[in-house]
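Below you'll find the structure, written out as structure tokens, and then a few comments.
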């Protein structure tokens, strides 16, 4: 395992500088933008960061060829919000007796002051992550500490209580907007700041409402995974709810809340996506493809396909 020792005492310091190559740096309207690539000896990938007015946002997509351990001390007050889209990392804070593994689709938030510890990134796993670091100045500028007990509830000693086991649909939407945005300069600054505040609002609101819990979210994601992995099975919501041990009403409600669509529409879209792949990449007869995506009757499959794709399966195959 390769270990990096750092003193995280400067807002602009990037914890993985030692294994990255700075490709570009731009400062426009007070917004500093940096782009990095990973040194070949450590793996592959890129990192992009934006820094302004006590706010730093980092987007990293990296694949390490060896385990990387980042060890250091945080000497400045900061609220740190990590959203892990893919991969995993281990967080260790000896002084608080904390050792946690953050997995894919999990987020964690913590206020850190004079803390030391380490983060371990495993080799061979793609890491896609958004890390948002907010200084005291940013917190006070938006009076975040007035209505939310950031310094108490989100203290690093409570990190175990501030893990979210699955990202909800709205959070994923905002993260996608962050990743896809192409603005520059002042517009980029305003956009980034507004999206960070949206993410915080969702996080604080979900914590206060107490509506969602990790067990329920895990069951909803199990339902989603079952649908994706069993497209040849037309399962009823009643049967699906029994498989994930969640009542029908709650399953339907939480599924729509997390993924922005109903269970029926999600399953239908997934079947059509798979059908298009099979029509494009194989020579399987249409009746066989119909069975593979859950239709015993090829006529019913063709009607459903045409309704979604606006072409019959035969027409679609002939145009790709």
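The values are calculated or read from the model by the stated rules, or taken from the named source; none is laboratory data. Note that the structure is a prediction, hence the values are computed from the model and not measured. Because the Cβ atoms are built from the backbone with ideal geometry, glycine has one as well, and the counts that use them run over all protein chains shown.
Before moving on, here are some points about what is shown:
- The number of residues in region 309-320 being outside any loop (DSSP other than H, G, I, E, B) and either under 20 Å from residue 236 (Cα atoms) or without any contact (Cβ under 8 Å) to a residue 12 or more places away in the chain (or both) comes to 3.
- Count of region 26-51 residues which are surrounded by 14 or more Cβ atoms within 10 Å (Cβ to Cβ) and on the phi > 0 side of the Ramachandran plot: 2
- Verdict on residue 192 being part of a helix (DSSP H, G or I), in contact with a strand residue (DSSP E or B) (Cβ under 8 Å, 6 or more places away or on another chain), closer than 30 Å to residue 135 by Cβ and touching a residue at least 24 places away in the same chain (Cβ under 8 Å): yes
- Exactly one residue out of 83, 139 is under 16 Å from residue 54 (Cα atoms) and either free of Cβ contacts under 8 Å to residues at least 60 places away in the same chain or crowded, with 20+ Cβ neighbours inside 10 Å (or both): that is 139.
- Candidates 49, 82, 92, 105 - the one that is under 26 Å from residue 196 (Cα atoms), in contact with a helix residue (DSSP H, G or I) (Cβ under 9 Å, 6 or more places away or on another chain) and in the same structural domain as residue 197 (by TED's automatic domain parsing): 105
- Among (1) over 18 Å from residue 162 (Cβ atoms); (2) without any contact (Cβ under 8 Å) to a residue 40 or more places away in the chain - the single one residue 99 does not satisfy: (1)
- Of all residues in region 279-304, those that are within 32 Å of the chain's Cα centre (by Cα) and farther than 20 Å from residue 235 by Cβ total 3.
- Every condition in (1) surrounded by 14 or more Cβ atoms within 10 Å (Cβ to Cβ); (2) modelled with pLDDT of 90 or more; (3) under 30 Å from residue 255 (Cβ atoms) is met by residue 167 except one, and the failing one is (2).
- Identity of the residue in region 145-164, touching a strand residue (DSSP E or B) at 6+ places or on another chain (Cβ under 7 Å) and surrounded by 16 or more Cβ atoms within 10 Å (Cβ to Cβ), that ends up modelled with the lowest pLDDT: 164
- The criterion of at least 3 residues that are at pLDDT 90 or above and under 16 Å from the mean Cα position of the chain (by Cα) is met by the following strands (runs of 3 or more DSSP E) wholly inside region 46-107: 55-64, 78-86.
- Taking (1) assigned to a strand (DSSP E or B); (2) within 19 Å of residue 92 (Cβ to Cβ) in turn, residue 132 satisfies each apart from (2).
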